[in-house]
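The structure appears right after this line, and notes come after that.
The values are calculated or read from the model by the stated rules, or taken from the named source; none is laboratory data. In this text, all values refer to a predicted model and were calculated from it rather than measured experimentally. Cβ sites come from the backbone with ideal geometry, for glycine too, and all protein chains shown count toward neighbours. Areas reflect the complete protein model, heavy atoms only, side chains present, ligands, DNA and RNA absent. Shrake-Rupley method; radii C 1.70, N 1.55, O 1.52, S 1.80 Å.
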Amino acid sequence: MSDDRVDFASMLASRLCHDLLSPVGAFANGLELLADEKDPEMRARCIELLEQSARTSANKLKFFRLAFGSAGGFGELVPADEAKSAITGIIGDRAIDLNWMIGPDPLPKPAVKIILNLSLLLVDALVRGGRLDIGCENQGGGIEIALHVEAERIFLDADVERILAEGEGATAMTSRTAPAVLVQAVAKQNGGTVMLARETPTSLLVGAVLKGR
């Protein structure tokens, strides 16, 4: 295996661990508090926090299984509702309105990986909330994917934006930019391209076109 592939795998693993550390750590802390707490109301509050942490951890694991992994259990196609559910899970209670414009037909795995990784990057960019529109359709035997965000402020990392706009070699890879690198790699593997357009200071469009097989 080349050094680049090792680095890529390491960066994805770092990103996964970083995102899981907070809810798993909160779960462990909650168990410690519960063991020492005697007050019924406080114990009920601890249990509530444990349930929230467990739910958040499960949502993130479900998301990363589809976004980074091989999505075992599915064939070449993934139910569209699975992808939508995964994205809804990572949005959680953030003030982000998801406008899902994809029909019920199952989606090819490469398209799902691109949709989920772009969603991850854009949800991170909407730190003050906003709207996320997601569309995907077959066009001339290929697949067109488009994600559009609108918000008062869009905090997309500059290196992530460069990789999406210019290619995976545009800047050094880090755990923060690894999902963008994965988007470019999946698109290239499927004869496709990635594009990004800053329409206005409060609007951003990013997507990909994949060739049909």
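Flag: ALA35 does not match the condition of being assigned to a helix (DSSP H, G or I), within 21 Å of VAL181 (Cβ to Cβ) and open to solvent by less than 80 Å² (accessible area, probe 1.4 Å). I'm checking my understanding of the structure. Among residues of the range 8-41 that are over 22 Å from ARG65 (Cα atoms) and touching a residue at least 12 places away in the same chain (Cβ under 8 Å), which one is nearest to the chain's Cα centre (by Cα)? Among them, the one singled out is GLY30.
Is it the case that some residue within the range 51-65 is aromatic (Phe, Trp, Tyr) and surrounded by fewer than 16 Cβ atoms within 10 Å (Cβ to Cβ)? Taking every residue of the range 51-65 in turn, none turns out to be aromatic (Phe, Trp, Tyr) and surrounded by fewer than 16 Cβ atoms within 10 Å (Cβ to Cβ).
ALA165 - would you say it is touching a Leu at 6+ places or on another chain (Cβ under 7 Å), among the small types (Gly, Ala, Ser) and farther than 23 Å from LYS84 by Cβ? Please lay out each step first, then the result.
Numbers: touching a Leu at 6+ places or on another chain (Cβ under 7 Å): yes; among the small types (Gly, Ala, Ser): yes; farther than 23 Å from LYS84 by Cβ: yes.
The answer is yes for ALA165.
Scanning the range 113-121 turns up no residue that is open to solvent by less than 50 Å² (accessible area, probe 1.4 Å), in contact (Cβ under 8 Å) with a residue 40 or more places away in the chain and outside any helix (DSSP H, G or I).
Counting only residues that are over 16 Å from ALA111 (Cα atoms), open to solvent by 40 Å² or more (accessible area, probe 1.4 Å) and either without any contact (Cβ under 8 Å) to a residue 40 or more places away in the chain or of a type outside the set (A, V, I, L, M, F, W, C) (or both), the range 162-192 holds 9 of them. Just one of the listed residues (ALA208, ALA178) is under 26 Å from ASN99 (Cβ atoms) and of a type in the set (A, V, I, L, M), and it is ALA208.
Here is a list: SER70, SER14, SER10. Which entry is outside any helix (DSSP H, G or I), closer than 30 Å to GLY169 by Cα and of a type in the set (Ser, Thr, Tyr)? After ruling out the rest, the residue left standing is SER70. Of all residues in the range 193-213, those satisfying the criterion of being out of contact with any Gly (no Cβ under 7 Å at 6 or more places or on another chain) and either crowded, with 21+ Cβ neighbours inside 10 Å or among the polar types (S, T, N, Q) (or both) are THR193, VAL194, THR200, THR202, SER203, LEU204, VAL206, GLY207.
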